[in-house]
1. Out of the strands (runs of 3 or more DSSP E) lying entirely within the stretch 42-156, which hold 3 or more residues that are within 17 Å of residue 15 (Cβ to Cβ) and in contact (Cβ under 8 Å) with a residue 12 or more places away in the chain?
2. Starting from residues that are loosely packed, with under 11 Cβ neighbours inside 10 Å and on the phi < 0 side of the Ramachandran plot, keep the ones in the stretch 85-104 and report whichever is modelled with the lowest pLDDT.
3. Based on what the data block shows, is residue 67 touching a strand residue (DSSP E or B) at 6+ places or on another chain (Cβ under 9 Å) and either at pLDDT 90 or above or closer than 30 Å to residue 162 by Cα (or both)?
4. Does the stretch 148-168 hold any residues that are at pLDDT below 75 and exposed (fewer than 14 other Cβ atoms within 10 Å of the Cβ), and which are they?
5. For the stretch 19-41, what are the residues that are loosely packed, with under 10 Cβ neighbours inside 10 Å and assigned to a helix (DSSP H, G or I)?
């Protein structure tokens, strides 16, 4: 049952989906696994020819473990964070790699954006703080992406506090 006097939720004027960075794409993974398999077969054949045939099985096991480790890594890459800012609410949704969703809501007027920055590395940590709660966001991003997200989020938060999200949209269209 819904309250007919409740105001409809305002649409977010800023929205970002943060995905973990993976430097090795699917094509690179196939090339790497092909190279590992080729080396394992060549070395395994050499050991087989000198009579140390059990070593060949362990080389195959090593290749299988490398494949398994990369599959786990790619499965973990399915995690993501969805961040949206509307004039009256900040919503952070965390979707874990195995499915569970956590949602955090903040009032833009009360939230504080903490950005830790190191001169040589850029932004190392982004956190939202409000009423004794702290939520780190974008922790799995690389430093360049973390820096650009922090700046965009800072502008969105300023626009939400000023009550003029149209200014942010106009500035984004001008870029």
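The values are calculated or read from the model by the stated rules, or taken from the named source; none is laboratory data. Computed from a predicted model, the values in this text were never measured in an experiment. Cβ sites come from the backbone with ideal geometry, for glycine too, and all protein chains shown count toward neighbours.
1. Values: elements: 80-86, 89-95, 101-106, 112-118, 122-130, 133-137.
Ranges flagged: 80-86, 89-95, 101-106.
2. Residues of the stretch 85-104 loosely packed, with under 11 Cβ neighbours inside 10 Å: 98-101, 103.
Then keep just the ones that are on the phi < 0 side of the Ramachandran plot; that gives 98, 100-101, 103.
Working: 98: 85, 100: 89, 101: 91, 103: 94.
Result: 98.
3. Working: touching a strand residue (DSSP E or B) at 6+ places or on another chain (Cβ under 9 Å): no; either at pLDDT 90 or above or closer than 30 Å to residue 162 by Cα (or both): yes.
No.
4. So in the stretch 148-168, the residues at pLDDT below 75 come out as 164-168.
If the condition is that a residue be at pLDDT below 75 and exposed (fewer than 14 other Cβ atoms within 10 Å of the Cβ), then 166 is the only one that fits.
5. Scanning the stretch 19-41 gives 26, 27.
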